[in-house]
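The values are calculated or read from the model by the stated rules, or taken from the named source; none is laboratory data. These numbers were taken from a predicted model, which means no experiment stands behind them. Quick reminder, even Gly has a Cβ in these numbers, built from the backbone with ideal geometry, and neighbours come from all protein chains shown.
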Amino acid sequence: MSISQEKFRQMLKEKGLKVTNQRLLVLEVLACHKDRHMTVEDIYDLVKEDYPEIGLATIYRTVQLLLEMQLVDRINLDNGCVRYEIGEGISTEGKHHHHHLICRTCGKVQSFKDDWLDELERHIEKEAGFHVMDHELKFYGQCEECLKKTEK
Ligand SMILES: [Zn+2]
Ligand SMILES: [Zn+2]
Ligand SMILES: [Zn+2]
């Protein structure tokens with residue numbers, strides 16, 4: 001049991017959800033591996049360590065539910081792959097957060113924290129009269145490791 005478990009319990013209750021082990025474990029796994037951007041299978045592998053009797057279908061349903069409740073965020077990659085991370089609202093860093101660097105070779109999703117877009121948002125508001133509330137940004141390319149391999 002960790003400090004964050006208490007927080008997760010509270011959040012599930014606030015959303016009117018029953019507190020179950022699998023819900024807590026999925027949230028905890030995502031919170032502990034914030035930068036890994038995991039697939040449902042990745043989450044399953046980690047939850048299984050603590051909870052061997054759990055099935056992949058249960059993890060899948062749990063993730064979908066947490067997604068609907070906005071406790072978990074989804075990243076859709078353009079190859080149809082879907083990855084998950086702990087919800088923006090409940091991560092300790094608070095709101096906005098990071099952008100995604102997606103490796104076209106190995107499929108890894110990295111986080112990048114610097115945000116220089118405030119100025120652009122202000123510019124958009126001024127020029128287009130459009131009030132920006134959020135943005136989503138993905139960069140596609142090759143990660144450092146894949147780059148090293150191709151250089152060899
Ligand atoms: Zn790569
Ligand atoms: Zn992310
Ligand atoms: Zn941003």
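Quick rundown of the values:
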| item | result |
| --- | --- |
| Residue 54, sole failed condition from (1) on the phi > 0 side of the Ramachandran plot; (2) surrounded by 14 or more Cβ atoms within 10 Å (Cβ to Cβ) | (1) |
| Lone qualifier among 14, 119, 28, 53 - being in contact with a helix residue (DSSP H, G or I) (Cβ under 8 Å, 6 or more places away or on another chain), farther than 30 Å from residue 149 by Cβ and of a type outside the set (A, V, I, L, M) | 28 |
| All positions within the stretch 34-51 that are farther than 10 Å from residue 84 by Cβ and either assigned by TED's automatic domain parsing to the domain that holds residue 111 or in a loop (DSSP other than H, G, I, E, B) (or both) | 34, 35, 51 |
| Selection within the stretch 16-41 - among the basic types (Lys, Arg) and crowded, with 17+ Cβ neighbours inside 10 Å | 23, 36 |
| Some residue of the stretch 113-128 being closer than 12 Å to residue 37 by Cβ and under 15 Å from the mean Cα position of the chain (by Cα) | no |
| Single match in 107, 129 (criterion: within 16 Å of ligand 1 (Cβ to nearest atom), on the phi > 0 side of the Ramachandran plot and out of contact with any His (no Cβ under 9 Å at 6 or more places or on another chain)) | 107 |
| Search result, residues across the stretch 57-74 that are at pLDDT 90 or above and either basic (Lys, Arg) or surrounded by fewer than 21 Cβ atoms within 10 Å (Cβ to Cβ) (or both) | 57, 58, 60, 61, 64, 65, 67, 68, 69, 73, 74 |
| The stretch 111-132 residues that are at pLDDT 90 or above and of a type outside the set (A, V, I, L, M, F, W, C), paired with ones that are surrounded by 12 or more Cβ atoms within 10 Å (Cβ to Cβ) and outside any helix (DSSP H, G or I) (beta carbon under 6 Å, 6 or more apart) | 121/132 |
